[in-house]
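Let me begin by presenting the structure, written as structure tokens, before commenting on it.
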Amino acid sequence: MFIFMPVLRSRMAVPAVSLLLLVCVGSGCERSVPVEWESSELVDALPDEQLQQQLRDILVQHCGTVARPRLVTRPDAGIEFQQHLKHGQAVYMKRCVQCHGVTGDGNGPVAGHMYPRPRNYTKGIFKFTSTPYGTRPRRADLIRTVRRGITGTSMPSFDRLPEKDLEAVVDYVLVLTQRGELEYQLAMEAEASEELDPEYVQEYVDDIVTGWQEAELATTWPLSPQPILDAERARAGRQAFLSKGCSKCHGEDGRGHTKDNIGLDSWGFATRAADLTSGMLHGGQEPLDVYRRILNGINGTPMPGFGHALQSEPETIWDLVAYVLEVSNRRRFGETIPAGLIKPYDTAARQAEAEEP
Ligand code: HEC
Ligand code: HEC
């Protein structure tokens, strides 16, 4: 049994953690060591067993094993970095695995009923980035997310984790992510051409390296300096919200209760437009956070980037930021917001239930 002890700030978490500790003391459990990363279904489904084995060997060559994890983007890393990754793995197995799973597929034992679901890292897609839609995140984006958590979801804040642990666990997340990406590419190649030509394999590896390297240089910044976000800006923002298509998904009141926006995200789960009135912006409360959500969109979800559409009127983006922040803070100023449809959540919950073994 795993000991589940994230460094939590939330008040509610304390009894939950002590309860788990009690259970652990009672059953004399100890921390489990990961045995093996799991193969994806795509690999298991390949008809040729020899090809399956060849694929697994290539994965080991580039991503190592649980006992010796390796980063695709750091092929020449020495023993010190190896130890750093092993340390990251220990932190991961203590604080993240319950939700994100041993292989990083987001299928940890407690993930079942969460909405949104814990991130499946193996697709290389991350939501809250400072980079354009469709690109990888910067490492600093992941560090920031893990440090502050994702407000309004089950992802806790780990800001009390020592810097060394934080850096190491994020690098271990990158191991799982890049391994997932490579495995997927190899499985697709093996299925399509019934062989794994070393030349192509190297191309996939190079693509992964390039993707992550390019992201490091792709930080987006506001198209115009941040103005004072006053009531006038928020009023202009409301007009833009209604005229630029935001309300189509988020609803005129920003609650996301529209019938059109129910679909699946890139990980195959029900999604819906954020309830902007919840007071819990997932991607952060700072004006720059909201700006980047609007400019870049949110990877893996239907939330599009408006960088192109609003390029010629950059002030409109700030108006929208002012409006989103105003809507988000309404409850704090005592405004009562009536309950609305809960249908999309219902859909997500039922889907999770259907998946239970
Ligand atoms: C209690 C469950 C839980 C635990 C424990 C947990 N996470 Fe998460 N995590 C989540 C959920 C849920 C999401 C998805 C939130 C969303 O989609 O908005 C998430 C998302 C993430 C993301 C993706 C961020 C993005 O921009 O897409 C990263 C990275 C992450 N978690 C890292 C970690 C690390 C590292 C740990 C351990 C130190 C950890 N998580 C522990 C539930 C958890
Ligand atoms: C096609 C549907 C769609 C349109 C159009 C759309 N959004 Fe979104 N939006 C979403 C979805 C879905 C999410 C939630 C993504 C997630 O975190 O899973 C979201 C999330 C957001 C967030 C992040 C909230 C948070 O929790 O951090 C902001 C801010 C936002 N939208 C603002 C806007 C604005 C402003 C516009 C118009 C310029 C807009 N959206 C247009 C679907 C849409």
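Points worth noting:
- The calculated FRET efficiency for residue 147 paired with residue 49, based on their beta-carbon distance and R0 = 41 Å, is about 0.40.
- Amide proton proximity set for residue 64, modelled H, under 5 Å, gap of 5+: 70
- Shape descriptor for region 212-300: Rg over Rh equals 0.99 (Cα atoms; Rh from the Kirkwood inverse mean 1/r).
- The charge dipole of region 13-216, taken about its Cα centre with unit charges on the Cβ of Lys, Arg, Asp and Glu (plus for the first two, minus for the last two), comes to roughly 1660 debye.
- Taking the 1.4 Å solvent-accessible surface of region 177-321 as the whole, the part contributed by carbon and sulfur is 53%.
- Spatially proximal aspartates and glutamates relative to residue 94 (Cα-Cα < 12 Å; intrachain offsets below 8 disregarded): 30, 165
- Computed across region 53-178, the Kirkwood radius stands at 15.0 Å (inverse of mean 1/r, all Cα pairs).
- Across every pair of non-identical alpha carbons in region 114-248, the mean reciprocal distance, once inverted, gives a Kirkwood radius of 18.0 Å.
- Spatially proximal lysines relative to residue 244 (Cα-Cα < 23 Å; intrachain offsets below 8 disregarded): 127, 259
- Pairs of Cα atoms nearer than 8 Å and 6+ residues apart set the relative contact order; for region 87-130 it is 27 percent.
The values are calculated or read from the model by the stated rules, or taken from the named source; none is laboratory data. Note that the coordinates shown come from a computational prediction; the quantities given were computed from them, not determined experimentally. Cβ coordinates were reconstructed from backbone atoms using ideal geometry, including for glycine residues, and neighbour counts include every protein chain displayed. Only protein heavy atoms, including side chains, enter the accessible area calculation; ligands, DNA and RNA are left aside. Shrake-Rupley method; radii C 1.70, N 1.55, O 1.52, S 1.80 Å.
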